[in-house]
Structures are given as C-alpha cells and as structure tokens.
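Peer 1: The structure under discussion is supplied below as structure tokens; questions concerning it will follow.
The values are calculated or read from the model by the stated rules, or taken from the named source; none is laboratory data. Quick caveat: nothing in here was measured; it's all calculated off a predicted structure. Cβ coordinates were reconstructed from backbone atoms using ideal geometry, including for glycine residues, and neighbour counts include every protein chain displayed. Ligands, DNA and RNA are stripped out before the accessible areas are found, and what is left, the full protein with its side chains, is counted by its heavy atoms. Shrake-Rupley method; radii C 1.70, N 1.55, O 1.52, S 1.80 Å.
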Amino acid sequence: GRGPGGCRGGRTDMALRCAASLAAGRQPRGPRREGTVRWSSAAKASAVKINEKASREKILTLESMNPQVKAVEYAVRGPIVLKAGEIEKELRKGIKKPFTEVIKANIGDAHAMGQRPITFLRQVVALCTYPNLLDSPSFPEDAKKRARRILQGCGGNSLGSYTASQGINCIREDVAAYIERRDGGVPADPDNIYLTTGASDGISAILKILVSGGGKSRTGVMIPIPQYPLYSAAISELDAIQVNYYLDEENCWALDANELRRALNEAKAYCNPKVLCIINPGNPTGQVQNRKCIEDMIHFAWEEKLFLLADEVYQDNVYSEGCQFHSFKKILYEMGPEYYNNVELASFHSTSKGYMGECGYRGGYMEVINLHPEIKGQLVKLLSVRLCPPVSGQAAMDIVVNPPVPGEESYAQFIKEKESVLNNLAKKAKLTEDMFNKIPGVHCNALQGAMYAFPRIFIPSKAIEEAKAHKMAPDMFYCMKLLEETGICVVPGSGFGQREGTYHFRMTILPPVEKLKILLEKVKDFHIKFLEKYA
C-alpha cells in the first residue's frame, strides 16, 4: 500500500523512495488532491536517517584512485590559472579590482589572443566540412582542389567518417613531401608518418611503447630543464623515471654534451635511461639550437643507444638573425649512414603553433624512422585504440604541409598573411626581450624563436620567507602576487623546472603589440614595487 504522504511499496522501499524525494528537494507523490502534501517533523527525520544509512563510501576516492594520475602536474593550467578564473568571475560580478581584465599570458593560444586565422586553411576546412560550398564561386579553385582530394580520402566523401588509425593516406603523402622539401631532398616515407591529435598525442603514444621494466631497469626518460610540462606529466602517468638534464642559461639555453653525460651517468644508478627528448625551438626558453648542438645530441644518442624524441612544433617560429631551424632528421641524414641507419628518431609537428595557431583543431603528425618492423605494428595497434585523430584536424594539418604555391590564385594572400604573423611575432619577441632587460632584477635571454619569454627574476630573501610561510614556491608566490595586483596571469618557472636557487616565469608574447606594451609596463611597475616591499 501507500505509506505516509502516499509513497508506494513496502516499509523499507517506501522510506528509501521518500528519502530520495527529500534529498532531491521534491515532495513525495501522493493522491491527487487540493493543497500541499505535509510531512511531520518525525517523518522527515526518519527519512533522512534512513537515507544516511543507505549511502555508502565512494568507490573512487583520492586514496583509491590511480596514484600515477594523482602524481601528474601540468603547470600551464595549474593553480595560478584556476585563481585567474576565480578573479574573472569576481570582475563579472562587479567586485572592484586594481584592474579591469585578466590577461592570460600563460598559454600559447594564438587565436584567443587575437591572431587572425589563415584564410586559405579555413577555406579548405570549411569546404571539407560542408561540401555544398564546392559549387560556390566565393571559394578559390586551389582551395576546392585540395578539399576534393581530402574528401576522396574519407569514407563516403565525408569528414564525419572514421579514417585509418594512422590517418588519411593522401595527407600522409603530403606530409612526407613537405618533409622532403623542408630537409632539402632527404627522403621521407608516408608509411613512417602518423597523423595525431596535436603533437601531444604522438609524444604520449611513443612514450607508452618505450616505457618498460621495473626497479632499476625501469625506463628513464631524459628531458631538458626547463621543459614543457607535457613531458613530466606523461612520465608520471606512465610511472617512468624522469631524468633531468639542464640547458645552459648562461649560453642562451644551449645544449651541453657534458651535462647530458652527467645526467645519464647519475641516472644509471637507479633506472635504465632509454629515451632522450629535445624541444627545438625551445619551450619555455625560446632558444633555437645550432647545428653543432644537434650533432652533439645525435652522437650522444647513437653512442649511448638512446631513442630520440624531437619536439619541433615551433619550426616556423624563428626570429633572431643568424638563427636557423635545423630538423634532427636532416642533420642525422647528413652525419652519414652509420647514424642515419641506426639512430631511432621520432619527430613531431602540429597545427597549433607556427603562423597557423590552430590549437583547437588538434592536428599534428609524427615521423618515426628506424623503428623495428614489429614495433610499427604495435604502434598502429596502440593508435587504433583511439580509432583515429580528429578528421578536421587532419585536414588542417594538410594545409600546413601543402599550402598554396607560386602560380596558384591564393598564393599571394597566403604569403602576405603568413609573413605578417611571423614578422609581428619577431617584433614582439624583440620588444619583450628589450623591455624585460630594462627592469632591475630581471634578465631575459634572446627570444630566438617559439612564442614565450622565460625571464630570470630576482626574489628577495624576505619574499622567499613569506612564500615558505604560505607553503608556496617563491616564484609561485611572485606570480600569484602579480596576478592579484595587475590581473596578469603567467606561469612560475618551478612548473617547468629550473636550477636550484634560480627563479623564472613563462609569459607568452602573443598579445597584440599595444596590449603587450601595457602588459610589460605593468610587470615592470609591479616588479619594482615588489623589490621595494621585500628589500
């Protein structure tokens, strides 16, 4: 029958249903009649008590979750960014601050900072997404030609279909052709190309295959410090061993062969170093490694039998005179067959950086050379678990490697837009470097490439003590104060790694020039006041 208030079922069932109704803030069902169903206080107390007994401990808690996931840290979207989000909400509510907006200079998201998309890339992706536009006279024929070719590689001529796990074949062919042009004729095989969900997907996948062993035989992964936190996060998630080697800040963040040797020899005592990573041009450090540094690194990997990972997503972002991007694959080939036929190398590129800045499409590729044939099959198997990379991202990647060429109708506009973006970035890199180096207690190396400054900041001992009292790293304390007083969000150097006793922060150079000038002036004023306060 019915219990109090019309709940159905037996006594226990009735109580649980009524408790659930109360917990959800609903009145229990009852007979249809005028007025509201009323509960006695005793009935309410009884229902709540039974509801408390019915609830049980959660299966997934911080104590029971995967400890490797809990160990993952990603500073670029860490506590400082969460705080920035809270401040934005307060500003929207009308809460007064010493600033009117939060400037998120923490991440290399070009379009979010106002950079305009490359017209030709968006035209091709639009045509692929809505093929009816192929009949429109508003789109150029060279864009339509590329869109038709991409769609012919898709099941049902639709961007909405799954592709092969390795990616659309014609796009992999275009990637191989691009690599050959870039590297002056060094051969590239489409079978060695894997389209990925941004570069991050490829890096994570190859690390998964590389990591093995236990105890002192657990795989060690050598990464540059400072590093992009993707690497430390992936290493933590895989329960591998992070092996730090330090870039030479006094020599514009150059690689040092002696430092590589030191790091390797020390690591051999507690793990099996098997992987050597490099980011070139550098993130967060903005350096462009010269040919000699790359040759030293390749020789070291060959000598010590290390698998090389070359993160080259900023290969279009080179600004300083006398600097040039050299791909690891090209240098490896030019060092001769003893190196080229033996050193195992995975290199990565992306739609997210360069002059494109198409972060949201999540397009990317990796090229893997000298991989064991049986491991190729294992890699494809691993990639097949995620079915395929986003197909719109694959299309965007195709335009990065297969842009308009001289003689095509879109070439002039494409080159104009591309050069405008890169020239503007070069101007902002020099502006940022110069302005930072005029601030007392701040030193910034030359921003030779990429999209970031990583200035070294002096933090007085009083500020360090106060940071300790707040259980914060000194540069986190500094960046939090900067955010709270100016609305500028940057990432503390401790999130990327740095030598003991040094402090930095990473700041993107992507804001428009006028906003960047204001941002840098605010940092200058803040830093001077900070030094005065804690002197």
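Peer 1: State which residue is farthest from Met335 (Cα to Cα) when the search covers only region 174-188 and only residues that are touching a helix residue (DSSP H, G or I) at 6+ places or on another chain (Cβ under 8 Å) and open to solvent by 10 Å² or more (accessible area, probe 1.4 Å).
Peer 2: Result: Asp174.
Peer 1: Conditions first: (1) in contact with a strand residue (DSSP E or B) (Cβ under 6 Å, 6 or more places away or on another chain); (2) part of a helix (DSSP H, G or I). Leu516 passes all but one, so which condition is the exception?
Peer 2: So the condition that Leu516 fails would be (1).
Peer 1: Out of all the residues in region 383-399, which are of a type outside the set (D, E, K, R), open to solvent by less than 10 Å² (accessible area, probe 1.4 Å) and within 21 Å of Pro131 (Cα to Cα)?
Peer 2: Pro389, Gly393, Gln394, Ala395, Ala396, Met397, Ile399
Peer 1: Another question, if that's okay. Has region 124-146 got any residue that is at pLDDT below 90, assigned to a helix (DSSP H, G or I) and surrounded by fewer than 17 Cβ atoms within 10 Å (Cβ to Cβ)?
Peer 2: There is no residue in region 124-146 that is at pLDDT below 90, assigned to a helix (DSSP H, G or I) and surrounded by fewer than 17 Cβ atoms within 10 Å (Cβ to Cβ).
Peer 1: What about Leu483, is it of a type outside the set (Gly, Ala, Ser), buried (at least 18 other Cβ atoms within 10 Å of the Cβ) and not in a helix (DSSP H, G or I)?
Peer 2: Here the answer is no, as Leu483 does not meet what is asked.
Peer 1: What number goes with the only condition from (1) basic (Lys, Arg); (2) closer than 30 Å to Leu531 by Cβ; (3) under 21 Å from the mean Cα position of the chain (by Cα) that Arg362 does not pass?
Peer 2: Checking Arg362 against (1) basic (Lys, Arg); (2) closer than 30 Å to Leu531 by Cβ; (3) under 21 Å from the mean Cα position of the chain (by Cα), the one that fails is (2).
So that you can scan it fast, the table gives a plain yes or no per residue for (1) open to solvent by 10 Å² or more (accessible area, probe 1.4 Å); (2) polar (S, T, N, Q):
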{"position": "Lys274", "(1), (2)": "yes, no"}
{"position": "Cys277", "(1), (2)": "no, no"}
{"position": "Pro281", "(1), (2)": "no, no"}
{"position": "Thr285", "(1), (2)": "no, yes"}
{"position": "Ile298", "(1), (2)": "no, no"}
{"position": "Ala301", "(1), (2)": "no, no"}
{"position": "Leu308", "(1), (2)": "no, no"}
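Peer 1: Could you give me the residue pairs with C-beta distances under 6 Å whose first residue belongs to region 472-484 and is free of Cβ contacts under 8 Å to residues at least 60 places away in the same chain, whose second residue is in a helix (DSSP H, G or I) and surrounded by 23 or more Cβ atoms within 10 Å (Cβ to Cβ) wherever it lies, and which are 6+ apart or on separate chains?
Peer 2: Short answer, once both residue conditions are applied: Asp475/Gly493.
Peer 1: Evaluate the following for Ile206: is it closer than 30 Å to Asp239 by Cβ and either open to solvent by less than 20 Å² (accessible area, probe 1.4 Å) or touching a Leu at 6+ places or on another chain (Cβ under 7 Å) (or both)?
Peer 2: So Ile206 fits the description; yes.
Peer 1: Return the residues of region 211-237 that are open to solvent by 40 Å² or more (accessible area, probe 1.4 Å) and either among the aliphatic types (A, V, I, L, M) or within 25 Å of Val288 (Cβ to Cβ) (or both); say none if nothing qualifies.
Peer 2: Correct list: Tyr228 only.
Peer 1: What tally of residues in region 312-362 results from selecting those that are buried (at least 20 other Cβ atoms within 10 Å of the Cβ) and on the phi > 0 side of the Ramachandran plot?
Peer 2: 3
Peer 1: Something else now. Give just the number: which of (1) outside any helix (DSSP H, G or I); (2) surrounded by fewer than 16 Cβ atoms within 10 Å (Cβ to Cβ) does Ala164 not satisfy?
Peer 2: Condition not satisfied by Ala164: (2).
Peer 1: Considering only region 339-355, I want to know if a residue exists there that is at pLDDT below 95 and either outside the structural domain of Gly160 (by the TED database) or of a type in the set (A, V, I, L, M, F, W, C) (or both).
Peer 2: No, that holds for no residue.
Peer 1: Also, I was wondering about something else. Please indicate, with yes or no, whether at least one residue in region 64-75 is part of a loop (DSSP other than H, G, I, E, B), charged (D, E, K, R) and at pLDDT 85 or above.
Peer 2: No, there is no match, as no residue in region 64-75 is part of a loop (DSSP other than H, G, I, E, B), charged (D, E, K, R) and at pLDDT 85 or above.
Peer 1: So which residues in region 431-456 are in contact (Cβ under 8 Å) with a residue 40 or more places away in the chain and more than 24 Å from the chain's Cα centre (by Cα), if there are any at all?
Peer 2: Leu431, Met435, Phe436, Lys438, Ile439, Pro440, Gly441, Val442
Peer 1: Quick one: count up the residues across region 495-535 that are open to solvent by 60 Å² or more (accessible area, probe 1.4 Å) and within 24 Å of Ala450 (Cβ to Cβ).
Peer 2: The total comes to 9.
Peer 1: Which residue out of Asp201, Asp191 is open to solvent by 20 Å² or more (accessible area, probe 1.4 Å) and under 23 Å from Gly108 (Cβ atoms)?
Peer 2: Asp201
Peer 1: Which ones in region 185-195 are closer than 12 Å to Ser347 by Cβ and assigned to a strand (DSSP E or B)?
Peer 2: Matches in region 185-195: Ile193, Tyr194.
Peer 1: Then there is this: Among the residues of region 239-247, are any open to solvent by less than 50 Å² (accessible area, probe 1.4 Å), out of contact with any helix residue (DSSP H, G or I) (no Cβ under 9 Å at 6 or more places or on another chain) and within 26 Å of Ile509 (Cα to Cα)?
Peer 2: no
Peer 1: Just to be sure before I move on: is Tyr365 open to solvent by 30 Å² or more (accessible area, probe 1.4 Å), of a type outside the set (S, T, N, Q) and touching a Leu at 6+ places or on another chain (Cβ under 6 Å) in the structure I sent?
Peer 2: Considered against the rule, which asks whether it is open to solvent by 30 Å² or more (accessible area, probe 1.4 Å), of a type outside the set (S, T, N, Q) and touching a Leu at 6+ places or on another chain (Cβ under 6 Å), Tyr365 comes out as no.
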